[in-house]
Each structure stands twice: as C-alpha cells, then as structure tokens.
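What follows is a single structure, written as structure tokens, with notes after it.
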Amino acid sequence: MARASAPGKLILFGEHAVVFGEPALATAIDLRTEVQARPDKEWHVNDGSLEDAGHVYVRHAVDLAWGGGPLGLEIRSMIPVGCGLGSSAAVTVATIGALGALGGKEVREEPVARRAFEVEHAVQGRASPIDTSTATHGSAVLVLKEPEEGLLWKVEKDTRRWFLHHCSLPATGFIVGNTRIAAATGPLVAGVRERVERDPRAAAAVREIGEITLEGLKALQRRDLVRAGELMDRNHELLNDLGVGHSSLDKLVAAARPHAYGAKLTGAGGGGSMFALTDEPDKVRAAIEAAGGKAYLVETEPKGLEVSA
Ligand code: PMV
C-alpha cells in the first residue's frame, strides 16, 4: 500500500493571465487531499468506478502514471470540490505520488509536477502549470516569464513557457468565500482566449494583471497589506473585464471589503470563490455568510506533496 497527500491552493494574483504566460502568484493552503493506493482484484475509487465522471483527473493520472495491474484507490479530501481551491490539482498530484511510491520509485517533485500538468491540460483543454506546481511544491509558487533566483522548473506547451519559482510569503490567513456556484474552468479559459484574440483591451488587461502580480508580491513580502489589498481590488476588476466575473462573486467581494484590505475572485471565476485579505476575519466571515456565501479560513501551507510507501 502507498499513500500520498497534496495541498489545495489559492491563486493570490494572476489567474487567467498566467495561461498566456504572464506572472502569477499562488499559495498552498492548509486543506489537503490524501490518496491511498493498493493492488486489488479490480479497479475502484472509494466505493465507485474509476470511470465515474467525478474521477476524470484520477483516471487521466492513472493512464499516465501506472502500467501495472488493477488498484483500489481511497481518496479523502478536505478541499471543497469545484470552487477554485485546487481540489483537482491536489487529487491529481496525490494520485501520481501514490502510484509512484507503489511502483517502488523515488518520488521527486519535478516529474510529478510535469505529469500533473499534462493531466490538467488534457482534462481542461488549456491550462497553466500554476495549480499543479503549487500542489506539488507547497509553500508559495511564483510564475515568471524568465528564470530568476528560486527557480523550481520550466514548463513549455506549444508557444508558451512558464518558469515556476519557489517563493516565501509571510504566514498569512485568508477568508475564502464560496459562491456555491460551480463553474468549469475549461470554458472560462476558452472564453478569455477568444476575447483576447479579438479585443486589444482584453490583451492589455492580461498584461496589467501580470504587472499587478509582481507588485502584489512585493507588497505582501513587505507586509504592506493596504497596497496588496488595492491591487487585489484592481485585479478583480480586470478579471470582470475579461468576462470571468459573476454577480454572486461581486456580492461576496462587496460584503467583505468594508472589513478587508482587499478582495478578489480566485481561480477560474464564473462562480467558484473569492477571498479577502483582512485582520478582521470574524467580521469578514459573517459578512460573507450573510451575503449567501460559504466562508472558510485558510492559512498558507509550507508542505507540498508528501508520500509514504
Ligand atoms: O479552476 P482553478 O481554480 O484551478 O483555476 C484555474 C486558474 C486559471 O488561471 C484560470 C487556469 C490555469 O490553468 O492557470
């Protein structure tokens, strides 16, 4: 039997723009998914089939990372599904890690992160490696256009390339507000591409989001939460301009802002989740719940993929 776990993630700045190769910043969070794998008479995932629609990431991970006989997989997750907190990346990374350990191989971060990105790309149609690299490495991950100090690995796909860097952020708590509206990432990513190809203002918004990421990182590192919050607010507005906002996200963002430095959607948008940077977490939590959202306190998480055979 082998076991692996991986954390969820919160994209702090740069979602969607990162798909075009712009900078983005994500942090691992203290909600994890664990996968146990053991040889069995036939394939199953928990009490269901590997073919179930809900296990599409696991199935792709198995196709890519396992050449042996049937397995029973047990998946336990603290990460709410389909709301922008990286549940698919975490289950993909943990599955690949558990399969590697079961196969008796040394499990190293970089090959796991590359395979997990291939899985996410295949399932979503188009993706960046930020979620899967963060779920693998833990801590915070900064995507840049060029290699700098702290480089973890470089990932290339068609004409795009991403340099993924280890990044340290001061330990920070965020309040996440889930709109309870599920939205698939693939169509949202495709919609942004279509807009960027036809509208130069959308292309400019993508570039501005990249600049915001770099400035936002510096603000967080020097604990200038006022500036970080302003940049979050602007990033949210630009994501709305790119067509990935939703009235329910705006409602939760508006509810949180009176008690927060800033608030923005996180992940793919179209529903899903927002988060707020605040030193009044109880007030923000209550405001989000009063506005119809489900609130979670999440903390930055240093640990990435953990494997035991
Ligand atoms: O759907 P999520 O929360 O994993 O967020 C996806 C982030 C995007 O930038 C929209 C897509 C990507 O692959 O980077």
Which of THR134, THR95 has the fewest other C-beta atoms within 10 Å, and how do the rest follow up to the most? THR95, THR134
Length added when fully stretched, ARG193-LYS154, from 0.36 nm per residue minus Cα-Cα: 11.8 nm
Can you tell me the orientation of helix 225-241 relative to the chain, as the angle in degrees between its alpha-carbon axis and the longest Cα principal axis, to the nearest 10? 80 degrees
Ranking of THR27, THR92 by count of other Cβ atoms within 10 Å, fewest first: THR27, THR92
Near LYS218, which aspartates and glutamates are there with a Cα under 20 Å away, not counting those fewer than 8 places off in the same chain? GLU15, GLU22, GLU146, GLU148, GLU149, GLU208, GLU230, ASP233, ASP279, GLU299, GLU301
Amide H contacts under 5 Å for PHE13, placed H, 5+ residues apart: LEU25
Cβ crowding within 10 Å averaged over residues, with 159-171, 268-280, 42-54, 290-302 ranked highest first: 268-280, 290-302, 159-171, 42-54
Mind checking the angle between helix 109-124 and the chain's longest principal axis? C-alpha axes, 0 to 90 degrees, to the nearest 10. 80 degrees
LYS157: which lysines have alpha carbons under 23 Å from its alpha carbon, excluding same-chain residues fewer than 8 sequence positions away? LYS9, LYS145
Roughly how tilted is helix 281-290, in degrees to the nearest 10 and between 0 and 90, from the longest Cα axis of the chain? 90 degrees
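Only the coordinates and a few stated rules stand behind these numbers; no lab work does. Predicted model only: the values in this text are computed from it and were never measured. No Cβ is skipped: glycine too gets one built from the backbone with ideal geometry, and neighbour counts run over all protein chains shown.
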